[in-house]
Amino acid sequence: MRFVIITKKQITAITATMLALVAAVVGSLTIFADNERKLPIYCVETDKKQIAISFDAAWGNDDTEQLINILAEYDVPATFFVVGAWVDKYPESVKQLSDAGHQIQNHSNTHPYMSSLSAEQIVNELESCNKKIENVTGVKPTLLRPPYGDYDNCLIETTQSLGMNTIQWSVDSLDWKQTATAESICERVVSKVENGSIVLFHNDADHTPEALPNILKCLLDEGYEFVFINDLILKDNYTIDHTGKQCKIKE
C-alpha cells in the first residue's frame with residue numbers, strides 16, 4: 001500500500017484552489033441571477049371573466065372607422081397601440097378613437113426593433129410617441145407594445161423607468177397573414193381566449209372587420225367582460241411567471 005504525504009504548503013494550495021472554484025461558481029450564479037431575462041406582460045391571472053382586446057396601428061388606416069363602429073355596436077372598449085409616425089399621418093383617426101372612448105397607447109415612434117437600441121434611443125422612441133399621442137388626446141400613454149414583439153431586459157427596464165409597462169399578448173389573431181380568413185381568425189381567437197387574456201389584432205388587416213362582430217358576439221355570449229389592458233393588469237404586489245402571466249403575490 002502506498003501513502004501520499006501532503007505537505008502543509010500543498011494543503012494551503014489545495015484549499016486556496018477549492019475556495020477559488022467556489023467563488024467562481026457563486027460569482028457565475030450571481031451573474032446569471034443579475035442577467036435573468038425579464039418578461040413583459042402577456043396575460044393576467046384572474047378569477048374574473050375579463051379579457052382585453054387590442055389593435056396595433058402602424059401602417060394603413062382604411063378600416064379604422066369601421067372598427068370604431070363595430071366596437072360601438074357591441075359596446076366593447078379596446079386598446080389601440082399606435083406608432084408615432086401613424087399619429088403624424090392620421091391625427092384625426094387618433095382623435096376619433098379617443099373620442100369614441102378607446103385608449104391610445106405607445107407602439108414606438110418609428111417601429112424599430114427595440115432590442116437593437118440603446119437605453120437613450122428607447123427613451124427617445126417612447127417619449128416622442130407619448131408626446132404625439134398626448135398632443136392629440138390630452139392623455140399620456142402608460143403602456144408600450146414593442147414592434148414585432150421584440151424586447152430585451154434593457155427595453156423593459158427603460159420602459160419601467162418611464163413609469164410604463166411593456167405589454168405583449170397571449171392570443172394572436174394572426175389576422176395579418178395572407179392565408180387568414182374571417183372564419184379562421186374567429187375560430188382561433190374564440191378557441192384560445194381565457195380569463196385574463198390579451199388579444200392582438202391589427203387595424204388594417206384584410207379580414208378583421210369581417211371577423212370582429214362574430215368574435216365579440218361569441219365572447220359576450222360566453223360571459224366575458226371586455227376591459228382596457230390598463231384596467232386588466234395588476235399595478236403592484238405582483239410577479240410575472242415564465243410564461244409572461246402576471247400573477248398577484250399571495251400573502
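The values are calculated or read from the model by the stated rules, or taken from the named source; none is laboratory data. Since we're looking at a predicted model, the values are computed, not measured. Cβ sites come from the backbone with ideal geometry, for glycine too, and all protein chains shown count toward neighbours. Ligands, DNA and RNA are excluded from the accessible area calculation, which covers all protein heavy atoms including side chains. Shrake-Rupley method; radii C 1.70, N 1.55, O 1.52, S 1.80 Å.
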Using alpha carbon positions and the Kirkwood radius, the Rg to Rh ratio of the chain is 1.19
In whole Hz, the Karplus estimates of ³J(HN,Hα) for the stretch 181-192 (6.51, -1.76, 1.60; θ = phi - 60°; x where Gly or Pro) are 10, 4, 5, 5, 5, 4, 4, 5, 5, 4, 6, 9
Karplus-derived 3J(HN,Hα) from phi for the stretch 154-160 (6.51 cos²θ - 1.76 cosθ + 1.60, θ = phi - 60°), whole Hz, x at Gly and Pro, runs 4, 5, 5, 5, 5, 4, 4
The ³J(HN,Hα) series, computed from each phi in the stretch 123-128 with the Karplus coefficients 6.51, -1.76 and 1.60 at θ = phi - 60°, rounded to the nearest Hz and given as x for glycine or proline, is 4, 4, 4, 5, 5, 5
Quick calc, K140 & K248: beta-carbon distance into FRET formula, R0 35 Å, rounding 0.05, result 0.85
In the neighbourhood of P112 defined by beta carbon distances under 14 Å, the net charge of the other residues (Lys, Arg +1; Asp, Glu -1) is -3
Contour minus Cα-Cα span, T179 to E92, at 0.36 nm per residue, comes to 28.2 nm
Counting only protein heavy atoms with a 1.4 Å probe and every protein chain in place, the carbon and sulfur fraction of the accessible surface of the chain in whole percent equals 53 percent
Rounded to whole Å², per residue accessible area for the chain with a 1.4 Å probe reads 54 Å²
Between N153 and N230, the FRET efficiency computed from the C-beta separation at R0 = 30 Å comes out, to the nearest 0.05, as 0.85
Rounded to the nearest 10, the angle in degrees between the Cα long axis of helix 8-34 and the longest principal axis of the Cα atoms of the chain comes to 0 degrees
With -39,500 (n - 2.57) per DSSP H segment of 4 or more residues and division by the full residue count of the chain, the 222 nm estimate, nearest 500 deg cm²/dmol, is -13500 deg cm²/dmol
Residue span E187 to S161: 0.36 nm per residue of separation minus Cα-Cα distance leaves a gain in nm of 5.5 nm
Of the stretch 168-195, those with amide N under 18 Å from the point 7 Å along the Cα→Cβ vector of C218 are 170-177, 179-195
Taking a straight Cα-to-Cα line shorter than 29 Å from K131, and setting aside same-chain lysines fewer than 8 residues away, one finds K38, K89, K95, K140, K235
